[in-house]
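Structure, as structure tokens:
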Amino acid sequence: MVAREEGAPEQPQREVAEAWTSAIEAAGLPVAWTEGARPRPRSAFGAPLPVGMAANAELIDVVLTERWPAWRVRDALTDGVPAGWRLVDLHDVWLAGPPLAGRVAAADYVVTLIGDVPVERLRTAAAKLKNAPELMRRRSRGDDSVEYDLRPLLIDIGVEDMLPVTITTRTRFHPEIGTGRPEEVVAALSDLAGVPLEVATIVRERLVLVEDLA
């Protein structure tokens, strides 16, 4: 489990994966390698992280050929993690289990808003979002845009009465519809409440696995 700090270098997922591959190689871990013309350490992210987004508990699978105690893996990795990232925790995983990416079902986000916003009005709108039969939105796709229903991708939404005001939301990763993006949830909430909302930060708190969601 790893975290990406705010202000870390903004990199697309491909570059993030390459940076972690380099870190794993440099750590000297007894990592298993893929086969083919360009073998790579066998590692995989649970889900792509949007460019520039901070995260507190991202999941990476790394396959080792030897069983090392967690402290030894931590010592090997800690000083060489990519810039802006840190190691949070380590867990043993059953090798015969399903691939990590196929187990990720949803994600939790915390969205911090800018300025003074009417909390109760947002809470009323949030309740309407959860009870709505559909939430038709438009999403950019290349030079065009497509209409889609956000509702199947929205699992939960809440409004925290604190300063600054924060929105918590859990959205789904759907193999056919796509991913529920937190900024689109905020936009839908803004439209329904009739209140302009300006986002300060979005943090992906954690990835939710199928077994956790159940």
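Here are the numbers for the structure shown:
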| quantity | calculated |
| --- | --- |
| Any hit, the range 90-107, residues being in contact with a Pro (Cβ under 7 Å, 6 or more places away or on another chain), outside the structural domain of residue 171 (by TED's automatic domain parsing), assigned to a loop (DSSP other than H, G, I, E, B) and surrounded by fewer than 18 Cβ atoms within 10 Å (Cβ to Cβ) | no |
| Residue that is farthest from residue 152 (Cα to Cα), among those in the range 195-211 that are touching a residue at least 60 places away in the same chain (Cβ under 8 Å) and more than 15 Å from the chain's Cα centre (by Cα) | 200 |
| Subset of the range 76-113 (residues that are among the β-branched types (Val, Ile, Thr) and touching a helix residue (DSSP H, G or I) at 6+ places or on another chain (Cβ under 6 Å)) | 81, 111 |
| Those residues of the range 125-148 which are out of contact with any Ser or Thr (no Cβ under 7 Å at 6 or more places or on another chain), loosely packed, with under 14 Cβ neighbours inside 10 Å and either part of a strand (DSSP E or B) or polar (S, T, N, Q) (or both), in sequence order | 131, 136, 140, 141, 144, 145, 146, 147 |
| So residue 186, is it more than 14 Å from the chain's Cα centre (by Cα) and assigned to a strand (DSSP E or B) | no |
| Residue 134 vs. criteria touching a residue at least 12 places away in the same chain (Cβ under 8 Å) and closer than 19 Å to residue 191 by Cα | yes |
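The values are calculated or read from the model by the stated rules, or taken from the named source; none is laboratory data. These figures come from a predicted structure and were not determined experimentally. When we count neighbours, we look across all protein chains shown, and the Cβ atoms used for this are built from the backbone with ideal geometry, even at glycine.
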